[in-house]
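Reviewing the structure listed below.
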Amino acid sequence: MGKKIKKEVEPPPKDVFDPLTIESKKAATVVLMLKSPEEDILAKACEAIYKFALKGEENKATLLELGAVEPLTKLLTHEDKIVRRNAMMIFGILASNSDVKKLLRELEVMSSVIAQLSPEEEVVIHEFASLCLANMSVEYTGKVQIFEHGGLEPLIRLLSSPDPDVKKNSIECIYNLVQDFQCRTTLQELNAIPPILELLKSEYPIIQLLALKTLGVITCDKEARTTLKDNQGLDHLTKILETKELNDLHVEALAVIANCLEDMDTMVLMQQSGSLKKVLSFAENSTIPDIQKNAAKAITKAAYDPENRKVFHEQEVEKCLVTLLGSDSDGTKIAASQAISAMCENLSCKEFFNTQGIPQIVQLLKSDNEEVREAAALALANLTTSSPANANAAAEADAIDPLINILSSKRDGAVANAATVLTNMAIQEPLRAIIQNHEIMRALLGPLHSTNTVVQSTAALTVAATACDVESRNELKNCGGLEPLIELLHSKNDEVRRHASWAIMVCAGDELMAVELCRLGALDILEEINRSLSRKNKFSEAAYNKLLNNNLSLKYSQTGYLSSSNIISDGFYDYGRINPGTKLLPLKELCLQELNDQRAILLVNNKSDISPPPSMEDKSSDVGYGRSISSSSSLRRASKEKANAGFGSPTEEKSEPASGRNTVLSRGATKEKGASQKKSRLQLICTSLWKGKGKKEEEKVKEEEEVLAVPKLTESPEKEWYPPPDPEFCLYVLEVIKTILPIVNIKEQIEVLAKFVADKMGGKIAKEKLADFSWELHISELKFQLKSNVIPIGYIKKGIFYHRALLFKALADKIGVGCSLVRGEYSRGWNEVKLVNEARKGIIGNLPPPDEYIVDLMFHPGTLLKLRSKEADLYRFL
């Protein structure tokens, strides 16, 4: 045999790299391999990185730090399918990291990822591409990019994929996207509801759950609810509720049904099919708190429609809600209370809860959970609105105590609701008395200081409802509630201003409180509000008028009008006309002003009790305005202390009847005796005024007959100030009471009183001699002799129109003759009266309207001039 010859192996070409097998244990090395041009190395590197990323979040962060993301994005468009698939798998995992998501958005890879959803791609690519989009859609900017790159349509198509992972990822991404309104609208256009409903039949609970959640969001839109109903979606949902094995889906199914019940058509359909009864029964009998809560929420949403409330009432939904109130879950209690709040807009429902719901709700007011208390107070607020029976039921269930406690809650909603309930209760006087006994005004102090406009409004309204008597108003004043109430008038909220004005109008019901409100600036603020067309309201005007009616001096100066119901009392003064916004000085300041050349201020003061004169050792020779006049109690106090200067003496006072009144009122007194006592009294007054001046008695009497003069005294801060006395006016009042009050006929009373006033003010004045009537000089002399700008009305012996009109009004009010006082131009003033024409009287109870007249006090005293007649116009204007 021949010898075998061994073949020589040809060496590889010199320009070819010998194959090399590398085993890398560092991620950084593999990341570097992502830049290799070899497909096999890229595929293996991607596979190794995928396994590394799958192990945990730290590895994902490591890959980001090593710069793996950018080269991987380029592999998404690689020609090799395996490389492209492996790169997509990595992104599906990496996209759950927030930093990676941020970088992916910056690299704008969304179009490349969405391209992987095309039907030609493998299921594995679909799975991880949809997973990547699901992770990216968690954040808003990711949603925007997916929507702008058209990702919604391929995702909807993948809902029909045979792979459950693809379905799960796709529906999860869609659920995230539909949180945005624009995406919901596009979803409806793409007819996505049928494939989503098909997912309810899936054998995987997570897919069913995500489908229900998605339906719960998109059925907030009416068109989506219609599409769901047209595709028998309600049947699918009802079957889920009837299947006990699917109890983990019941909560979400109820949420979808809750949305559908907002449509009347759906409500009727469910009622006719019996589905509505099943849903209510299911909610009532369920032991799962979330199911009960969602059922109550479903009722709440649907009950905002009046027709739905009617259907619910027919299905006896009230019993279901009362049952839910007894749940152990606070969330269920809150939802049930809110449902009752919505349902009680129906009158029949409100009547049902009177006996079977209010006691349970009152118990919830005592809960430790603030939200529960707020929801219970809301339910009670709606139940008691326009329902005295329910308000009584709440009071009988001892709701007042917990409601007042809630007023100090930190939750504004709870405070506002509690205040509303208390307001509804306080409408009834017996309940108002009970509420007042619980120191309601002190409890409202916190809400009045609140910065929440709803709380401010309801608190002010509660003040208006409860401050209906003097005790409550004093309680409000004493606890410092008037200041924050007045401060609410500055609010920019219309309702707050309106309710604050209402409360102030109620508080101004008595004179002392009205004076206090004026002192705190309420009148000025209301005047400012009423000058604004946009801020004023009916209540601000009413409150302003109420305060003015308790400050007639200011009212007459501002409006120039006092009605017959505005009774002039002691201390009233006519300052003259003032412009809106001008502050009227108090009487004390006006009395203490230096003499000036302005219009004299007219004072009405019928206080006849006067304190004893100073001792002879008193070096002060002058007697000051008003420091001598006091009430009966002041007189008694002054007599004991011997401190106040005044007119008359104790001996002289004892010579007169009790209470210091003039003997004109004593029974059996004759006119002669009255005149004699009048003269004697004036002499005594003048004697006390001018004693020690060195004048003779005859000179003093003569001086008194010309004008009663009261010298001015330097004010002493230790002595209490009193308005200037007016003994002449006191005598007028006594004479009018004796002679005119007994007259039965009102017209005759007016005529006699008019003649009396004219006689005291200078008598009848002929029109042609009006210019010669020197009343101005007389007034100037009085001001000079009194050394004051304030002149008591009784001192005036020559009076023009407005003097006589004021005196007539003041005396008429003393004897109950109704008349108004009107200020005119150019020293004009007049009184208007209303009289029924006896000749026009019909049968009893059918009297004609009264005629209006102006009382002539100047030209023909006692004549009644028909209002709007030529004679009346001449009297007023010429």
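Data for the structure
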quantity: Filtered residues of region 345-369 (kept if open to solvent by 90 Å² or more (accessible area, probe 1.4 Å) and among the β-branched types (Val, Ile, Thr)); calculated: 355
quantity: Residue in region 224-247 that is crowded, with 18+ Cβ neighbours inside 10 Å, of a type outside the set (Asp, Glu) and farther than 24 Å from residue 191 by Cβ present; calculated: yes
quantity: Qualifying positions in region 540-568 - modelled with pLDDT of 90 or more, not aromatic (Phe, Trp, Tyr) and not in a helix (DSSP H, G or I); calculated: 560, 562, 563, 564, 565, 566, 567, 568
quantity: Elements of type helices (runs of 4 or more DSSP H) in region 149-210, at least 2 residues being open to solvent by 10 Å² or more (accessible area, probe 1.4 Å) and at pLDDT below 90; calculated: 181-189
quantity: Qualifying residues in region 500-529 (those that are assigned to a helix (DSSP H, G or I) and of a type in the set (D, E, K, R)) - the one farthest from residue 472 (Cα to Cα); calculated: 528
quantity: Flag for residue 578 being among the aliphatic types (A, V, I, L, M) and either in a strand (DSSP E or B) or open to solvent by 70 Å² or more (accessible area, probe 1.4 Å) (or both); calculated: no
quantity: Residue 515, sole failed condition from (1) open to solvent by 30 Å² or more (accessible area, probe 1.4 Å); (2) of a type in the set (Val, Ile, Thr); (3) at pLDDT 90 or above; (4) farther than 23 Å from residue 803 by Cα; calculated: (3)
quantity: Residues (part of a helix (DSSP H, G or I) and at positive phi) located in region 736-768; calculated: none
quantity: Members of region 427-449 that are among the hydrophobic types (A, V, I, L, M, F, W, C), open to solvent by 30 Å² or more (accessible area, probe 1.4 Å) and farther than 13 Å from residue 483 by Cα; calculated: 427, 433, 434
quantity: Any hit, region 249-266, residues being modelled with pLDDT under 85, open to solvent by 50 Å² or more (accessible area, probe 1.4 Å) and out of contact with any Lys or Arg (no Cβ under 8 Å at 6 or more places or on another chain); calculated: yes
quantity: Single condition residue 780 does not satisfy, out of (1) among the small types (Gly, Ala, Ser); (2) in contact with a helix residue (DSSP H, G or I) (Cβ under 9 Å, 6 or more places away or on another chain); (3) modelled with pLDDT under 95; calculated: (2)
quantity: Some residue of region 423-439 being closer than 21 Å to residue 355 by Cβ, modelled with pLDDT under 95, small (Gly, Ala, Ser) and out of contact with any helix residue (DSSP H, G or I) (no Cβ under 6 Å at 6 or more places or on another chain); calculated: no
quantity: Residue selected from region 315-340 under the condition open to solvent by 10 Å² or more (accessible area, probe 1.4 Å) and touching a residue at least 40 places away in the same chain (Cβ under 8 Å), by the criterion farthest from residue 274 (Cα to Cα); calculated: 330
quantity: Scope region 136-148; condition under 16 Å from residue 117 (Cβ atoms) and touching an Asp or Glu at 6+ places or on another chain (Cβ under 9 Å); matching residues; calculated: 137, 145, 147
quantity: Unmet criterion (only one of (1) in contact (Cβ under 8 Å) with a residue 60 or more places away in the chain; (2) surrounded by 15 or more Cβ atoms within 10 Å (Cβ to Cβ); (3) basic (Lys, Arg)) for residue 546; calculated: (1)
quantity: Scan of region 802-822 for residues that are more than 44 Å from the chain's Cα centre (by Cα) and surrounded by fewer than 21 Cβ atoms within 10 Å (Cβ to Cβ), ordered by number; calculated: 815
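Conditions tested, residue by residue: (1) over 22 Å from residue 114 (Cβ atoms); (2) modelled with pLDDT under 85; (3) among the hydrophobic types (A, V, I, L, M, F, W, C).
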| site | (1), (2), (3) |
| --- | --- |
| 24 | yes, yes, no |
| 29 | yes, yes, no |
| 87 | no, no, yes |
| 96 | no, no, no |
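The values are calculated or read from the model by the stated rules, or taken from the named source; none is laboratory data. From a predicted model like this one, the values you see are computed outputs, not experimental measurements. Virtual Cβ from ideal backbone geometry, glycine too; neighbours counted across all protein chains shown. Only protein heavy atoms, including side chains, enter the accessible area calculation; ligands, DNA and RNA are left aside. Shrake-Rupley method; radii C 1.70, N 1.55, O 1.52, S 1.80 Å.
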